[in-house]
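The values are calculated or read from the model by the stated rules, or taken from the named source; none is laboratory data. The shown structure was predicted, so the numbers you read here are calculated from the model rather than taken from an experiment. Don't worry about glycine lacking a Cβ; one is built from the backbone with ideal geometry, like all the others, and counts go over all protein chains shown. We work out accessible area using only protein heavy atoms, side chains counted, and drop any ligands, DNA or RNA first. Shrake-Rupley method; radii C 1.70, N 1.55, O 1.52, S 1.80 Å.
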Amino acid sequence: FSYISDHSSDDELAQTIFHHAHDAIITIDIDSRVSRWNKMAETIFGWSQSEVINKKLTDFIIPEQFRDEHNKGISHFISSNEGPVLNTGVELLGMKKNGVAIPIEVTISAISWQESFIFSGIIRDISRRKTIEHELQQNQIKLEETNQLLQKLSIEDSLTLISNRRFFDDFLHY
């Protein structure tokens with residue numbers, strides 16, 4: 001818990017909020033150079049702020065297969081002021097310092113700044129959610145398979161494979 005005095009400036013308050021956010025916040029310029037990198041970005045990706053400031057985002061957290069797409073997206077925005085992924089949450093892969101790709105959810109905003117633009121990304125590691133979703137899908141498949149087996153067993157004798165009384169009752173009533 002951090003205490004902020006009533007005498008803190010707005011800039012100090014903004015910096016405190018920025019560094020204590022529960023999501024990663026990364027800001028880049030139109031050349032993809034990192035200008036802001038908060039503590040949660042350090043936690044998620046493993047790179048310290050000093051390692052990434054003024055470095056191209058495409059050099060370390062964007063997987064190689066998506067780097068051209070990223071660069072094209074920035075160029076498209078600069079020429080058209082439009083971006084299909086802006087201001088909406090998108091699921092992508094991000095690269096950790098150790099080289100492991102992780103699923104992330106990103107919301108990107110373009111901000112007019114000093115006669116140019118900056119891009120601010122709010123990023124959340126969704127690895128746990130993706131693992132749980134996968135487990136739920138696997139459990140759903142198992143449940144459906146079990147249900148099919150139980151339905152078959154309820155109308156067919158498993159030893160003789162002959163239809164049982166329930167099958168005939170159901171057949172006669174429909």
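General remarks:
- Accessible carbon and sulfur surface of the range 104-160 relative to its total accessible area, %, 1.4 Å: 54
- Annotation for Lys97 and Ile118: the two label points, set 7 Å from Cα along the Cα-Cβ direction, are 2.3 nm apart.
- FRET efficiency, 1/(1 + (r/R0)^6) with R0 41 Å, evaluated for Thr146 and Glu82 via beta carbons: 0.25
- Rel. contact order, % - alpha carbon contacts under 8 angstrom, at least six apart, the chain: 16
- Spin-label pair Ser154-Phe18: with each label point 7 Å from Cα along the Cα-Cβ axis, the two points sit 6.2 nm from one another.
- Ranked by the mean number of other Cβ atoms within 10 Å per residue, highest first, peptides 43-53, 134-144 order as 43-53, 134-144.
- Accessible solvent surface per residue of the range 119-161, calculated while the other protein chains remain in place, 1.4 angstrom probe, Å²: 82
- Calculated accessible area for the range 26-102 comes out at 58 Å² per residue, all protein chains present (probe 1.4 Å; ligands, DNA, RNA ignored).
- 5 angstrom amide H check on Leu86, placed H, neighbours 5+ away: none
- If you count Lys pairs in the range 4-152 whose Cα atoms are under 22 Å apart, skipping same-chain pairs closer than 8 places in sequence, the total is 14.
- Diffusion of the chain by Stokes-Einstein, at 10 °C in a medium of 1.306 mPa s and with Rh set to the Kirkwood radius over alpha-carbon pairs, works out to 79 µm²/s.
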